[in-house]
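Q: One structure, pasted below without further comment.
The values are calculated or read from the model by the stated rules, or taken from the named source; none is laboratory data. Quick caveat, the model's predicted, so the values are computed rather than measured. Cβ: placed from backbone, ideal geometry, glycine included. Neighbour counts: every protein chain shown. For accessibility, only protein heavy atoms count, side chains too; no ligands or nucleic acids. Shrake-Rupley method; radii C 1.70, N 1.55, O 1.52, S 1.80 Å.
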Amino acid sequence: MEESYSKTFMKYFHQREHAGIIESADLKSEVSNPVCGDELQLFISIDKNNIIVDAKFLTSGCASTIAIASYGTEHIIGKPMNEIKIINSPELQEGVGGLPANKNHASALFIEAIKNLQIAKIK
């Protein structure tokens, strides 16, 4: 059975504007899905008011994990830290134009990365 992806999904999959590492990140997270083997690293820089000023990701995973990470990092920039803690899977999936049902783990992985953010450096 062939999976069908939206134009929005393909945009985030190919664009990957926020792929990479923030060397001086304030917060970072590294999570993996033991079932499918996808891995995701999330790097966040915040300002003095806890607003996200930059976000980047690295991932080794399926197309859905890449697209969700690409969209998710774009989506959280400019938001206060307390707002990103309430992001949910349907919101992320809608942002990429939907996911096949068997790929819902991709949005769950991004949410797990947000929940597992830890201080990356001492200011």
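Q: Percent of accessible area on the chain owned by carbon and sulfur, 1.4 Å probe?
A: Numbers: 3390 of 6800 Å².
Summing carbon and sulfur atoms, their accessible area is 50 percent of the total for the chain.
Q: Please determine, in degrees from 0 to 90 and to the nearest 10, the orientation of helix 105-115 with respect to the longest principal axis defined by the Cα atoms of the chain, where the helix direction is its Cα long axis.
A: Approximately 10 degrees, to the nearest ten.
Q: Give me a comma-separated list of calculated 3J(HN,Hα) values for the stretch 22-37, in order, Karplus coefficients 6.51, -1.76, 1.60 applied at θ = phi - 60°, integers in Hz, x for any Gly or Pro.
A: 3J(HN,Hα) across the stretch 22-37, in whole Hz: 9, 4, 9, 4, 7, 10, 8, 8, 9, 10, 8, 9, x, 6, 9, x.
Q: Here's a follow-up. Could you compute the net charge surrounding T59? Neighbours are other residues with a C-beta less than 10 Å from the C-beta of T59; K and R count +1, D and E count -1.
A: Numbers: positive: R16; negative: D38, E39.
Taking every Cβ under 10 Å from that of T59, the sum is -1.
Q: Now for a different question. Please list, in chain and number order, the residues 5+ apart from S6 or on another chain whose amide H is under 5 Å from its amide H, with Hs placed from the backbone.
A: Excluding prolines and chain starts, which carry no amide H, there are no hits.
Q: Each residue of the stretch 42-48 in order: what ³J(HN,Hα) in whole Hz does its phi give by Karplus 6.51 cos²θ - 1.76 cosθ + 1.60, θ = phi - 60°, with x for Gly and Pro?
A: Residue by residue, the stretch 42-48 yields 10, 10, 9, 10, 10, 9, 5 Hz.
Q: May I ask you to compute the full-extension gain from C36 to M10, defined as 0.36 nm times their residue separation minus their alpha-carbon distance, rounded to one decimal in nm? All intermediate terms of the calculation are to be shown ahead of the outcome.
A: Details: separation 26, 0.36 × 26 = 9.36 nm, distance 2.10 nm.
Stretched out fully, the C36 to M10 stretch lengthens by 7.3 nm.
Q: Can I ask one more? If you average 1/r over every pair of different alpha-carbon atoms in the stretch 67-123 and take one over that average, what Kirkwood value in Å do you get?
A: 12.0
Q: For the stretch 1-45, what is the convex hull volume of its Cα atoms per residue in Å³? Let's see the in-between values first.
A: Details: hull volume 4.3 nm³, N = 45.
Given the Cα convex hull of the stretch 1-45, per-residue volume reads 96 Å³.
Q: Straight-line reach from K56: which aspartates and glutamates have Cα under 13 Å away, leaving out those fewer than 8 places along the same chain?
A: Within the straight-line cut-off, K56 pairs with E17, E23, D26, E30, E74.
Q: OK, next. Given the C-alpha atoms of the chain, compute the convex hull and give its volume per residue in Å³.
A: Normalising the Cα hull of the chain by residue number yields 93 Å³.
Q: Further question on the same structure: Working out 0.36 nm times the residue gap between K115 and E83, then minus their Cα-Cα distance, what length gain in nm do you get to one decimal?
A: Working: separation 32, 0.36 × 32 = 11.52 nm, distance 1.19 nm.
Extra length from K115 to E83 when fully extended: 10.3 nm.
Q: Please tell me the relative contact order of the chain in percent, rounded to the nearest whole number, where contacts are Cα pairs under 8 Å and at least six residues apart.
A: Working: 224 pairs, mean separation 39.8, N = 123.
Over the chain, the number comes to 32 percent.
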